[in-house]
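One structure is given below, encoded as structure tokens.
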Amino acid sequence: MRKAQLWSLDFVMSLLIFMSALLAVMFAWNYIGTNAAETRQLKELQLKALTLSDSLIRTGGLPDDWDEGDVVVIGLAQEENVLNATKVDSFINLSSSDHSRARGLLDMGLYDFLFEITEMNGTVFRNTSVPIGADAEVIVPVERYCLLEDRIVKARLTIWG
């Protein structure tokens, strides 16, 4: 056997093992990166949903007696966890007639939302009637219990992106 043969069986085997290990590391790196991005988006959406639902249910918005034409900040509360029916109706109307403006006022960015108020038996009382997009990758619902017209209702905000 000659010395220093370049394509010996040992070299080919070590090259195959090295390439297999490199390929496994690349797949693992890609999986971890994708998983981290999805987790980051989920956490961002959860924070957005909780913050926004808190703001809608606990604050009255700006100005205090806002309507669809002069609203600066949307808030639905008459007092904490007690919803103002006029503001709820104005928000539903605004979202139905000019959804992009409502999204802008809520600072939604690339995300979209659905807001609905249901009776305790599950009957939808009022909603923004925007269907959840078929291309939604992450959907985050947040439910809050509050009073509306002397009834306990469930306010549900769903955000997706």
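The order of E119, E44, going from fewest to most other C-beta atoms within 10 Å of their C-beta, is E119, E44.
Scalar couplings 3J(HN,Hα) for the stretch 57-71, obtained by applying the Karplus form with A = 6.51, B = -1.76, C = 1.60 to θ = phi - 60°, are 7, 9, 10, x, x, 10, x, 4, 10, 5, 9, 4, x, 10, 5 Hz; x denotes Gly and Pro. Of the labelled figures (1) 287; (2) 127; (3) 151, only one reflects volume of the Cα convex hull per residue in Å³ as derived from the coordinates, namely (3). The residues packed around V138, meaning those with a beta-carbon under 12 Å from its beta-carbon, carry a net charge of -2 if Lys and Arg are +1 and Asp and Glu are -1.
Distance from the alpha carbon centroid of the stretch 9-65 to that of the stretch 100-161 works out to 25 angstrom. Residues W29, W66, W160, ranked from the fewest to the most other C-beta atoms within 10 Å, line up as W29, W160, W66. Across the stretch 18-24, coupling constants 3J(HN,Hα) worked out from phi with the 6.51/-1.76/1.60 Karplus curve, θ = phi - 60°, read 4, 5, 5, 5, 5, 5, 5 Hz, and Gly and Pro carry x.
Each of T123, T34 has some number of other Cβ atoms within 10 Å of its Cβ, and from fewest to most they run T123, T34. Residues whose amide H falls under 5 Å from that of V82, counting only those 5 or more places apart or on a different chain, are L147, with hydrogens built in the peptide plane.
Computed from the coordinates by the stated procedures, all read-outs in this text should not be read as laboratory data. The structure presented is a predicted model; accordingly, all values stated were derived computationally and were not measured. FYI the Cβ positions are ideal-geometry reconstructions off the backbone, even for glycines, and counts take in every protein chain you see.
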